[in-house]
Each structure stands twice: as structure tokens, then as C-alpha cells.
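All remarks here apply to the structure that follows.
The values are calculated or read from the model by the stated rules, or taken from the named source; none is laboratory data. Remember, it's a predicted structure, so these values are computed and weren't measured experimentally. Cβ placement follows ideal geometry from the backbone for every residue including glycine, while neighbour counts extend to all protein chains displayed. Surface areas here come from the heavy atoms of the whole protein model, side chains and all, with no ligands, DNA or RNA. Shrake-Rupley method; radii C 1.70, N 1.55, O 1.52, S 1.80 Å.
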Amino acid sequence: MRLSKHDLFQMDDEWLKKLPAELLLEVSKRLLHDVKALQDQLNQNPGNSSRPPSTKAPWEKARAPGVEKGAPAQAGAADGAGATAEGPAPAQETVPPVTKGPSSGKGSGKRPGKQTGSPGHGRTQKLAVTDRCVHRPENCAACGEALAEDAESQAYTAWDEIDIAPPVEGSIGLMFSVTRHTLLEVRCACGHVSRAMPWRAPPDAQWEKVELGEWRLVGPRLAGVIVLLALRMRLSRASIRELLREVFDLTLSTGVIDETIREAGRASFPLEDALVADVVQVAQLHIDETSWPESGVLLWLWALVSTSTVLYLIGPRTREMLENALQDGYTGILISDGYGVYRNWENRLRCWPHLMRKLRGLAESSDGRVSRVGQEMEAILTALMAAIYAARLDPPPQALPERYAAEVKRLRHLCERHQTDEHPALRSVVREFLYDWKVILRPLAEPLLPLSNNAAEQALRHWVISRRISHGTRSEEGSRAFALLASVIETCRRRGASAWQYLGTVIAAARKGLQLPALPTIPTAAWGA
């Protein structure tokens, strides 16, 4: 933009009438330049820029005439709710918290939730006990001798655990059980009375406000369902509470539900190493990121995607974040968009649909010269893409780089010719091609390599919608739990396993301090992907 708001404020009809012809022509040129720039900006959409599909207006999302519902998209079609603008890595940004104006009268400044000193509410729902479990100490806490089976004992406390009962063969649906866990105190021959204690995880600096242990109202299988409802079904704590009450006549507070989800995150924490180990071993790894707010701080949700494993991470949009995730040990092919951080990996591929959308934006430019260049570059890339898809089905006798040498040479000529062009959009796109020239054209010599980063973009799409509903997370612990549980759920889905049942076994083992069960096995067809 050549003219600022300050400049435009001084211009009116009378001022224009007083200008000499030469100056009037110069002002007209400047105004025409700005009008074209604004028109190009107004014309941006997910089909010709890096804007995500969520920026489309509702009336623009209707299917094209003649396209049936469920019809497959054309090869190389652009999709990716998680797509973000490429460019150099920005510093961590801070989003100021939203505050209400003085006229509302509601800006108390208090933290959300129950306030200190306010009256509490105890559990009022009475449930019939269906099973009992007695916990008895095995050895005397004083002398260390084994306690006799017939030693004097009595119950000193107990807690009830509500859980989903294991399924009965041939039946469908969910059945709930209520188990009363009774803790005994036993008198030893030495006279000391020892008490059975529920296991509790030692303090962890990364989970200061999240307790992990046996003494829980919500059983592990029910906890797995709650996690699935919160993350995969994108239900709020209040909606989960309403669903449990309406469908199962079970009353749980939103506090208990939130505590259950956080505990599941801490229970799953050791699985992060297994997920990273699986990710760094694959031959091809798709990666993308999208913004993620955490209590007013703008962070990023990263997705590292293979055929059978998905790892989500929440943190800054920096090279160090990615290096820590891959542990500097990934040697496979990294498939990404043009974000500058990814250029540190030489063994990578570029997403062609991203490039096609940018060329479409140039082709639709209001500047005729820029439009013609964009149309020619788009036509060349479209022809190369069609040749790659055809070569996958029927390999030609002549290698594609030799067969399309003239087209590649012309594309290179256009990029070099306009790398110092005065039009910023054209200059930016051709420089992007030149920076990643070998990476972009690599599939021409190896047609079986993927052309798009759709796998990573699709893995983010579900959580982009979740972000719009929940507005992100409120704490570092919440972000860590969210990323871990999302990783486990998506990995289970890709491996054909029940996410909530697997999470149930993980939580059950973690509450007793036992070794966690391994991730579901990778399907044979997915090996090497």
C-alpha cells in the first residue's frame, strides 16, 4: 500500500480539482496500484492462498452443481484446515486477555470456578454397591514381619468407585458397576497396627496440580469414555455431565470430570516416548502446525503424522520445538508446507497443492502482467502434476525430468526473471520456488513420492474445530494433557483399536504404579509407511 490512512484523509474532490494534469496522473497511478492490491487481497480464499477452509463464508461452502455428495476430490485438491501462512519463524506472541468494559459491571477480576470461602457441595446421589474389594496390608510397618491371615483386623475407611463393567459375551451396551474399596488395619504379633494405604504417585514437577492414585470415584474404563467424549467428540465438561445424567442417570460434577481428564493425561505421559520412537522410525513423515491459544499466550499445535502413528505437541513455532520433537534423529522424508523452519531438513518434500493455490492467486490478480505469469506457471505445474500421477499408473519409457525438460526450464526462467519483481506477491512466490527448487521438483524424478501434505492437514482439522469451541487450553498442564491424549486417541484410531478401552487399561495400570500397556500393535499393512 502506497497511501496511508493519513494520506487519504487529506484527499477530497476539491483537492483533486486543483492538481495540475501531471500530478493528477501520478496520484491516479498510486490510487490504481492500491485499488488493485486491495482487490487481490479481497479475492483471497482457500483455493488461491494459504487461508484455511474455515475462513470461507457459509454460503461459499455449498457443493458445485453436478457434484454428488461423497464424490472423491480431484488429485491434488487443496484441503487443510491446519494450513498456516509460511514465512520466517516469528517470536512468541502474546494475546491480551479479553476484559469486559466498565459499563458491563461484570469484570470482577476473580478467577473462574469456585471461590475461596464459598460453601461447598457434597455428593448426594446414592448408588447400590455391586462389588466389594478389601485391601489388606501384607507386612507390619514396624517390624516388617508378614501379617497372619487370621490376625485381628478392622476397616478404618473406604471409597466407592463407579466404573463401566467388562462386557458380557453376546451382549451390547454399557453396564455400570459400583465397587466399594475397603481399607483394613491389621494388628501384628508385635502389637503394632498397620494400615493398608491406597497407592499414590509421588509428586511430579510437570504435574503439580494433578494427582494420580487409586483413591478415585471414577473408574478407569469410565475415565476412558470421559476422555473420548471430551476430545474426540469435542464435548465440554458441562455437556459430558449432562450426557451422563440424561443417558445413564449418573451424576458427576464438572470438577470431577475435569480432574479425570487431567489425571488421564498424567497417566498417559510415559507413552510420549513410545510415540516419538514410532514417529522417528517411519520412512515418510507429514508435519504441519496451527495456532493454539493457552491462557492468553499464542502457541502452536504441531502434528507429526505417519500411517499408523500421530504425535501432537503444543509449544512455540520455532526450530527448537521441532528439533526437540524429532530428537535430531529423523532421517526419513519430511513432507511439509513452505514454513522456513522445515528448510533445515534437506531430505524433505513440498506440498504441491499449497503451491498451486498460490499460483491460482497470482492468476486471479488484478494486475494483467502478474496474472499472465501466474497462469503460465500454474499451467506448467498442472501438467507436471498430471504427468506424475500418470507415471504412477503406467511408468513411461522416458524419465519425466528428461521428457519435461523444456517445461521445467521455462518454469525456472519465469522464476529467475521475476525474483526482483516490484509486485510483492509475485516476487514472494517465485523466490519460494527458487529456495526449494530441488525439493519441489523431486517427485518428478521419483513419481511414487507424495505430492501433498493432506495427511497432516487432515490430522489437524478435527482439533481446529475443537479450538474454535474451547478457545484452546488454560494452563501448561492442560496443554500437555490435551496433546498426549489426542496423540493416543488418533494413534489408536489409525491402528484399528478402541481408544477409550485402551485408555482404560493405561489409567488402571498408572493408578497402581504398574508398567503401562504397550500401544496397540501396528497393522501389518502399515509397516514401513
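Would you pick out the residues in the range 402-423 that are surrounded by 11 or more Cβ atoms within 10 Å (Cβ to Cβ), within 30 Å of His33 (Cα to Cα) and not polar (S, T, N, Q)? If the condition is that a residue be surrounded by 11 or more Cβ atoms within 10 Å (Cβ to Cβ), within 30 Å of His33 (Cα to Cα) and not polar (S, T, N, Q), then Arg410, Leu411, Arg412, Leu414, Cys415, Glu416, Arg417, His418, Asp421, His423 are the ones that fit. Taking every residue in the range 133-160 that is free of Cβ contacts under 8 Å to residues at least 24 places away in the same chain and closer than 27 Å to Val178 by Cβ and pairing it with any residue that is aliphatic (A, V, I, L, M) and in a strand (DSSP E or B), at least 6 positions away or on another chain, the pairs with Cβ-Cβ distances below 7 Å are Glu138/Ala146. When residues in the range 186-236 are screened for being within 12 Å of Glu263 (Cβ to Cβ), of a type in the set (D, E, K, R) and assigned to a helix (DSSP H, G or I), 0 of them pass. Restricting attention to the range 218-254, the residues being under 25 Å from the mean Cα position of the chain (by Cα) and without any contact (Cβ under 8 Å) to a residue 12 or more places away in the chain number 3.
Condition test on Gly219, is it surrounded by 15 or more Cβ atoms within 10 Å (Cβ to Cβ) and touching a Leu at 6+ places or on another chain (Cβ under 6 Å)? So Gly219 fails the test. Just a yes or no: is a residue in the range 269-277 of a type outside the set (Ser, Thr, Tyr), closer than 30 Å to Gln125 by Cβ and open to solvent by 50 Å² or more (accessible area, probe 1.4 Å)? Within the range 269-277, not a single residue is of a type outside the set (Ser, Thr, Tyr), closer than 30 Å to Gln125 by Cβ and open to solvent by 50 Å² or more (accessible area, probe 1.4 Å).
With respect to the conditions (1) within 22 Å of Glu432 (Cα to Cα); (2) part of a helix (DSSP H, G or I); (3) at pLDDT below 90, Ala325 lacks only one, and its number is (1).
Quick one: which of Leu275, Leu304 is in a strand (DSSP E or B) and among the hydrophobic types (A, V, I, L, M, F, W, C)? Answer to the selection: Leu304. All of (1) more than 30 Å from the chain's Cα centre (by Cα); (2) β-branched (Val, Ile, Thr); (3) open to solvent by 30 Å² or more (accessible area, probe 1.4 Å) hold for Thr331 with one exception: (1). Leu384 falls short on exactly one of the conditions (1) within 25 Å of Leu285 (Cα to Cα); (2) at pLDDT below 95, and that condition is (2). Note on the range 22-80: residues that are open to solvent by less than 60 Å² (accessible area, probe 1.4 Å), among the acidic types (Asp, Glu) and modelled with pLDDT under 75 amount to 1. With the requirement that a residue be touching a Gly at 6+ places or on another chain (Cβ under 9 Å) and either over 18 Å from Arg360 (Cβ atoms) or of a type in the set (Lys, Arg) (or both), what does the range 388-432 give you? Tyr389, the sole residue that qualifies.
Of the residues making up the range 175-197, just one is loosely packed, with under 14 Cβ neighbours inside 10 Å and either modelled with pLDDT of 95 or more or on the phi > 0 side of the Ramachandran plot (or both), namely Gly191.
Flag: Thr318 does not match the condition of being open to solvent by 60 Å² or more (accessible area, probe 1.4 Å), among the β-branched types (Val, Ile, Thr) and either out of contact with any His (no Cβ under 7 Å at 6 or more places or on another chain) or under 15 Å from Asn453 (Cβ atoms) (or both).
Residues checked against (1) out of contact with any helix residue (DSSP H, G or I) (no Cβ under 9 Å at 6 or more places or on another chain); (2) crowded, with 17+ Cβ neighbours inside 10 Å; (3) part of a strand (DSSP E or B):
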residue: Ala128; (1), (2), (3): yes, no, no
residue: Ala141; (1), (2), (3): yes, no, no
residue: Asp150; (1), (2), (3): yes, no, no
residue: Thr157; (1), (2), (3): yes, no, yes
residue: Ile162; (1), (2), (3): no, yes, yes
residue: Pro166; (1), (2), (3): no, no, no
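With respect to the stated conditions, Ile172 fails to be within 37 Å of the chain's Cα centre (by Cα) and modelled with pLDDT of 90 or more.
The range 384-470 holds helices (runs of 4 or more DSSP H) entirely within its bounds, and those carrying 3 or more residues that are in contact (Cβ under 8 Å) with a residue 40 or more places away in the chain and closer than 24 Å to Asn347 by Cβ map to 424-435, 437-445, 454-470.
Under the condition of being part of a helix (DSSP H, G or I) and open to solvent by 30 Å² or more (accessible area, probe 1.4 Å), the residues counted in the range 483-527 number 8. Can you pull out the residues in the range 448-478 that are open to solvent by less than 30 Å² (accessible area, probe 1.4 Å) and of a type in the set (D, E, K, R)? Within the range 448-478, Glu457, Glu477 qualify. Filtering the range 334-366 to residues that are assigned to a helix (DSSP H, G or I), open to solvent by less than 10 Å² (accessible area, probe 1.4 Å) and over 22 Å from Ala386 (Cβ atoms) leaves Val341, Tyr342.
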